Amino acid sequence: MKKMLIPILLLGTAAVSANAGEALWLRDVKISPDGSRIVFAYKGDIYTVPVSGGEARRLTTQSSYEDKPVWSPDSRQIAFASDRHGNADIFIMDANGGQATRLTSHSAAEYPEAFTPDGKEVLYSANIQAPAKSAMFPSGRMTQLYAVNTDGTRTRQVLGTPAQMTAFTPDGKMLYQDVKGFEDEWRKHHTSSVTRDIWMYDPATGKHTNITDRPGENRNPVLSPDGKTVYFLSERNGGTFNVWAF
């Protein structure tokens, strides 16, 4: 693999309101598939801002906590998690704002990962029911991957093991970050059997392939628009977290 230098988009100076100071700790940043806008979470609400910069637009105004936004393939909708009914459920709304629709209502916490390529389902992680053949030690961290229709009418289990930060390749395969056990994601220079790796799953064959098999952390896969390059975070070569690509 080659180490690559890429420009980093800093959102620290985004104006959240006319009277606010510098906005800090902006999280869950995602660029829309059409490249026009950025969605992010800030202080428990969802905002968008043009990629060219400018004033950020607040999309949610509930007293609840909203986070983990993801874009639909056509950049017209945003799915996110909200605890407005007690625990984190999946909601969907127009990317320009408006009324949000609740898609899930299980008592387990549910967090969106991505839309399916056809835009008809939202993939989400939740610890609801692990299949007996893939059950791990009982922990809320050991989630399964589910899908729900964008009208909330049907849910299904996609994988019985954790698959986070999912992204689809042009030929229909799925990239994801695994979870092997408990480990604080903020721990630095961690090397053990439970560090995260990036995998590729082929729905046609059911095969999972570890494509960053090494002792240290490798996570947060992001696919380039042309589907030819995967960017990810890694602490390899003794360094701190940097962006790598393959």
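The values are calculated or read from the model by the stated rules, or taken from the named source; none is laboratory data. If you're wondering where the values come from, they're calculated on a predicted model, not measured in any experiment. Reconstructed Cβ throughout: ideal geometry from the backbone, glycine too, with neighbour counts over all protein chains shown. For the accessible areas, the whole protein counts, side chains as well, though only heavy atoms, and no ligand, DNA or RNA atoms are used. Shrake-Rupley method; radii C 1.70, N 1.55, O 1.52, S 1.80 Å.
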Q. If you plug each phi of region 224-232 into the Karplus form 6.51 cos²θ - 1.76 cosθ + 1.60 with θ = phi - 60°, what whole-Hz ³J(HN,Hα) values come out, in order, with x for Gly and Pro?
A. 5, x, 7, x, 9, 10, 10, 9, 7
Q | Among Ser75, Val122, Thr229 the positive-end extreme of the charge dipole of the chain (Cβ point charges) | A | Thr229
**Q.** Under 21 Å from the Cα of Lys30 - lysines, other chains or at least 8 residues apart
**A.** Lys43, Lys68, Lys120, Lys173, Lys228
**Q.** Projected label distance in nm at Val51 and Ile128, using a 7 Å step from Cα toward the beta-carbon
**A.** 3.4
**Q.** Rounded to the nearest 20 debye, dipole of the chain from Cβ charges on Lys, Arg, Asp, Glu
**A.** 380
Q. Got a sec to turn the phi values of region 117-126 into Karplus ³J(HN,Hα) couplings, 6.51 cos²θ - 1.76 cosθ + 1.60 with θ = phi - 60°, whole Hz, x for Gly and Pro?
A. x, 7, x, 8, 9, 10, 7, 8, 9, 6
Q | Highest to lowest packing among 178-185, 196-203, 86-93, scored as the average C-beta count within 10 Å | A | 86-93, 196-203, 178-185
Q. What figure in square angstrom, to the nearest 10, would you give for the accessible area of Met165 with a 1.4 Å probe?
A. 80
Q) With springs only between Cα atoms under 10 Å, which of Glu217, Glu55, Glu113 fluctuates most in a Gaussian network model of the chain? A) Glu55
Q) From the backbone phi of region 47-62, what are the Karplus-calculated ³J(HN,Hα) couplings (6.51 cos²θ - 1.76 cosθ + 1.60, θ = phi - 60°) in whole Hz, Gly and Pro given as x? A) 10, 10, 8, x, 5, 7, x, x, 7, 7, 9, 7, 9, 10, 10, 6
**Q.** Compactness relative to 2.2 N^0.38 Å, alpha carbon Rg of region 103-246
**A.** 1.06
Q: Enter the accessible area per residue of region 38-102 (Å², integer; probe 1.4 Å; all protein chains in place).
A: 44
Q. Of all the accessible heavy-atom surface of the chain, with the other protein chains kept in place and a 1.4 Å probe, what percent is carbon and sulfur?
A. 51
